[in-house]
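These notes concern the structure reproduced below.
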């Protein structure tokens, strides 16, 4: 099949979180299985251009509707670690993708709505008609809507739309001006059966649009699929997912072992595997040297995470001190998009600056993340909710012990050493249920 991946992210060139890893890993795996896969991305000015080879313009002056005007775009092509990628390079007055970052702009809904329309316009004009257009999260929720409301009538009749939900916490609830922008009819779509937001009847919900108009909807773990269909984790879209149950399913996520594999990881000073596990101690030593930790006979507990409320930041904060009280060392790598959370963790970083047993790295560093997985002993993931989580999968591949809350994909991949009904050899970590400090501390202590 010819599969087009349409996404706001793709590692390693445009990565803000797990979505980037997902798109890269799935695209590579589908390619290995013999499918023709192409990834469509905005041409952000913050792309890792050093990781893109043979980049060249393949379509000039693509005219994309924008309200009652046309905006000119170029489309560029390049390869990223063997993946075929197209980049939408818009020349709008608003400079949608020249902002120095992927997300976090007040007009994000307009930026990604333009991207959705531009991708389909390119497919139509270039004659590249995929069998499947695979879209991800609210940023590309308008692709299935535009495909069936506009582009099928213009001749783009071959593609079917698959839509994957990565995080129900961000649904793209927007004003109807976004629909006007891309040439859709609000009177036709702003009804409960289509895009009208269940909670705000003046707003359109782009994720809802993707669910309604796509041919099949997936999410990234069976447990999360059940949670968002039958619990409050559906965040208002539970009824919609129940209505479309026949075209909805959870498929457990995975990791790309060509990127995440301690036996071949170029970021590690001492690669290792199951047969050479003592080599891991050399990476632990290198991690301590890099972060200024004391070389002591203590386990290292790590957090590698975006620091937002979904990830359980209050529990992470407490875990730092509990680990130190328990005779452990603690390493954290992560950034906080919310200013109040960012300030709180900077305060902890300053407080523990002189500690020989703690280091907080508040930002994202791909190389350091590999060294943490290679050198630390345990990974803590106390999420409020977790669609799947790649962190625990990477950690286990690197021989770390996961300590996680029993939600979403964490419950599908981590089985408690003491209490699981799995055979002993399949038990691989420690879990807790309640979103409390005492529950987390009990699991850490075990």
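Read-outs: derived from the displayed coordinates by stated rules, not from any lab. A quick note: this is a predicted structure, and the numbers were derived from the prediction, not measured. Here the Cβ positions follow ideal geometry from the backbone for every residue, glycine too, while neighbour counts run over all protein chains shown.
If you project the alpha carbons of region 247-316 onto their three principal axes, what span does each projection cover, largest first, in Å?
Its Cα atoms span 51, 33, 18 Å along the three principal axes.
As I understand it, the value is the acute angle between the Cα axis of helix 339-351 and the longest principal axis of the Cα atoms of the chain; what does it come to in degrees, rounded to 10?
With both axes taken from Cα atoms, the answer is about 20 degrees.
Dividing the Cα convex hull volume of region 274-445 by residue count, how many Å³ per residue is that?
111
For region 149-189, what does the convex hull of the Cα positions come to per residue, in cubic angstrom?
Hull volume normalised by residue count: 95 Å³.
Which of these values of Kirkwood radius over Cα pairs in Å was calculated from the structure shown: (i) 27.1; (ii) 23.0; (iii) 22.2?
Computed from these coordinates, Kirkwood radius over Cα pairs in Å corresponds to label (ii).
Regarding region 2-250, what is the average projected area of its C-alpha convex hull, in nm²?
If I average the Cα hull's projected area over directions, I get 12.5 nm².
Once the Cβ-Cβ distance between residue 247 and residue 124 is put in as r, and R0 is 25 Å, what FRET efficiency do you end up with, to the nearest 0.05?
FRET efficiency, residue 247 to residue 124: 0.50.
Which value, to two decimals, describes the C-alpha radius of gyration of region 186-244 once divided by 2.2 N^0.38 Å?
Dividing the Cα radius of gyration by 2.2 N^0.38 Å gives 1.12.
Please work out how much length the chain gains when fully extended from residue 285 to residue 350, using 0.36 nm per residue of separation minus the C-alpha to C-alpha distance, in nm with one decimal.
Extra length from residue 285 to residue 350 when fully extended: 21.0 nm.
What do you get for Rg/Rh of region 40-133 when both radii come from the Cα atoms and Rh is the Kirkwood radius?
For region 40-133, the value is 0.95.
Measure out, as a whole number of angstrom, how far apart the alpha-carbon centroids of region 37-64 and region 115-135 sit.
Taking the Cα centre of each part, region 37-64 and region 115-135 sit 14 Å apart.
By how many degrees, between 0 and 90 and to the nearest 10, does the Cα long axis of helix 366-375 differ from the longest principal axis of the chain?
The two axes meet at around 30 degrees.
Diagonalise the Cα gyration tensor of region 140-236 and give the resulting equivalent ellipsoid semi-axes, square root of 5 times each eigenvalue, largest first, whole Å.
Working through the eigenvalues yields semi-axes of 23, 18, 9 Å.
Helix 18-32 versus the longest principal axis of the chain: what angle, 0 to 90°, nearest 10, using Cα atoms?
Result, in degrees: 70.
Sticking with the crude label model, points 7 Å out along Cα→Cβ, report the distance from residue 53 to residue 160 in nm, one decimal please.
3.4
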